[in-house]
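Structure first, then comments.
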């Protein structure tokens, strides 16, 4: 197990990075939605364009990870709510727990 420990740590770090990117993307998409529904969009065009660009970057970073969950949820009517980030975070949590069980022998 000593040989596999560094590889598992790298996987843990990669999963943490993905998790934080998804959190950031969700919060950024909420900010962009609320900014587009108010006069912020017209008053602060530069800031709004920056939000749009950041949202585009985060969307491109999260798309490969969210795509399988979106395909899975396509068959289920969810009234327009995107549950794929929550499912991705749940999958990351489960993978981390499974790796922790493998890493720590009983």
> Which residues, counting only those in region 1-22, are in a helix (DSSP H, G or I) and out of contact with any helix residue (DSSP H, G or I) (no Cβ under 8 Å at 6 or more places or on another chain)?
Replying inline: 6, 7, 9, 10, 13, 14, 16, 17, 20
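Does region 35-51 hold any residues that are surrounded by 13 or more Cβ atoms within 10 Å (Cβ to Cβ) and under 26 Å from the mean Cα position of the chain (by Cα), and which are they?
Looking only at region 35-51, we keep the residues that are surrounded by 13 or more Cβ atoms within 10 Å (Cβ to Cβ), and these are 35, 40-41, 44, 48, 51.
Those that are surrounded by 13 or more Cβ atoms within 10 Å (Cβ to Cβ) and under 26 Å from the mean Cα position of the chain (by Cα): 35, 40, 41, 48, 51.
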>> Quick check on residue 60: is it under 12 Å from the mean Cα position of the chain (by Cα), over 19 Å from residue 91 (Cα atoms) and in a helix (DSSP H, G or I)?
In response: yes
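Is it the case that region 92-99 has a residue that's in a loop (DSSP other than H, G, I, E, B), at pLDDT below 95 and either within 16 Å of the chain's Cα centre (by Cα) or more than 18 Å from residue 24 (Cβ to Cβ) (or both)? Steps first, answer last, please.
Step one: filter region 92-99 for residues in a loop (DSSP other than H, G, I, E, B), giving none.
For region 92-99, residues in a loop (DSSP other than H, G, I, E, B), at pLDDT below 95 and either within 16 Å of the chain's Cα centre (by Cα) or more than 18 Å from residue 24 (Cβ to Cβ) (or both): absent.
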>> I'd like to check something: does region 85-104 contain any residue that is closer than 30 Å to residue 6 by Cα, loosely packed, with under 13 Cβ neighbours inside 10 Å and either in contact (Cβ under 8 Å) with a residue 60 or more places away in the chain or touching a strand residue (DSSP E or B) at 6+ places or on another chain (Cβ under 7 Å) (or both)?
In response: yes
> Restricting attention to region 53-82, which residues are farther than 18 Å from residue 32 by Cα and surrounded by 13 or more Cβ atoms within 10 Å (Cβ to Cβ)?
Replying inline: 65, 66, 68, 69, 70, 73
> Among the candidates 105, 68, which residue alone is modelled with pLDDT under 95, farther than 14 Å from residue 15 by Cα and assigned to a helix (DSSP H, G or I)?
Replying inline: 68
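The values are calculated or read from the model by the stated rules, or taken from the named source; none is laboratory data. A quick note: this is a predicted structure, and the numbers were derived from the prediction, not measured. When we count neighbours, we look across all protein chains shown, and the Cβ atoms used for this are built from the backbone with ideal geometry, even at glycine.
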